[in-house]
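**Q** The structure that follows is given in the form of structure tokens.
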Amino acid sequence: MNIDMLVFGEDWGEHPSSTQHLITQLLPEQQILWINSLGLRRPRLNSADLRRAWQKISKMIGQAGQHQVTADSSATANSLPERLQIVNPRAISWPGNPLARSLSRQLLTRQLLPLLGNPDNPAVNRHCCGPLCPPP
């Protein structure tokens, strides 16, 4: 896949955001690879986190053997813009746990490298939205 922009963002279509609006405006001219949220906080044992974990696991299992998400909770495969590819990352959201971090690194590398081709390609613009993104 030849991508123009790699975006690490919140889950596409879950809630409106300025990042999603901006990317939508760029789609007519840019091939975008959007990586849904990795999970930035340690989950707790409550109904909201259990429901969210179930949604994430379902999406990961649903795309087994694929590199592209074809649907999510608010957008179907038919309604996703043509030049947008969305990936639900295969990762374990458990910040601070070295084992989870190591396993997540391996899973993400296996999942994303085939999509990126040469990850050092300077022609690819990378955009990260969120509080933990490094400054440009």
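**Q** How do the pairs read when you match residues in the range 32-47 that are in contact (Cβ under 8 Å) with a residue 24 or more places away in the chain with residues anywhere that are of a type in the set (F, W, Y), using Cβ under 7 Å and keeping only pairs 6 or more apart or on different chains?
**A** Pairs found: W34/W12; I35/F8; N36/W12; R42/W94.
**Q** Does any residue of the range 14-23 turn out to be in contact with a Pro (Cβ under 8 Å, 6 or more places away or on another chain) and either touching a residue at least 24 places away in the same chain (Cβ under 8 Å) or part of a loop (DSSP other than H, G, I, E, B) (or both)?
**A** Checking the range 14-23: not a single residue is in contact with a Pro (Cβ under 8 Å, 6 or more places away or on another chain) and either touching a residue at least 24 places away in the same chain (Cβ under 8 Å) or part of a loop (DSSP other than H, G, I, E, B) (or both).
**Q** Let me ask something else about it. Would you check which residues across the range 1-60 are more than 23 Å from A100 (Cα to Cα) and among the polar types (S, T, N, Q) and list them?
**A** Across the range 1-60, the qualifying residues are N2, S17, S18, T19, Q20, T24, Q25, Q30, Q31.
**Q** Here is a follow-up. Could you tell me whether the range 7-29 includes any residue that is within 12 Å of P81 (Cα to Cα), among the polar types (S, T, N, Q), touching a strand residue (DSSP E or B) at 6+ places or on another chain (Cβ under 8 Å) and surrounded by 11 or more Cβ atoms within 10 Å (Cβ to Cβ)?
**A** Checked against the condition, which is being within 12 Å of P81 (Cα to Cα), among the polar types (S, T, N, Q), touching a strand residue (DSSP E or B) at 6+ places or on another chain (Cβ under 8 Å) and surrounded by 11 or more Cβ atoms within 10 Å (Cβ to Cβ), the range 7-29 yields no hits at all.
**Q** Take the conditions at pLDDT below 85, surrounded by 12 or more Cβ atoms within 10 Å (Cβ to Cβ) and among the acidic types (D, E) and apply them to D72. Does it pass?
**A** Criteria met by D72.
**Q** Just one of S58, S93 is among the hydroxyl-bearing types (S, T, Y), at pLDDT below 85 and outside any loop (DSSP other than H, G, I, E, B); which is it?
**A** S58
**Q** Select, from Q30, Q85, the only residue that is in contact with an Asp or Glu (Cβ under 7 Å, 6 or more places away or on another chain), at pLDDT 85 or above and under 22 Å from P16 (Cα atoms).
**A** Answer to the selection: Q30.
**Q** Being assigned to a loop (DSSP other than H, G, I, E, B), of a type outside the set (D, E, K, R) and out of contact with any Asp or Glu (no Cβ under 8 Å at 6 or more places or on another chain) is the filter here; which residues of the range 1-13 pass it?
**A** M1, N2, I3, G9
The values are calculated or read from the model by the stated rules, or taken from the named source; none is laboratory data. Since the model is a prediction, treat every value here as computed from it, not as a measurement. Cβ: placed from backbone, ideal geometry, glycine included. Neighbour counts: every protein chain shown.
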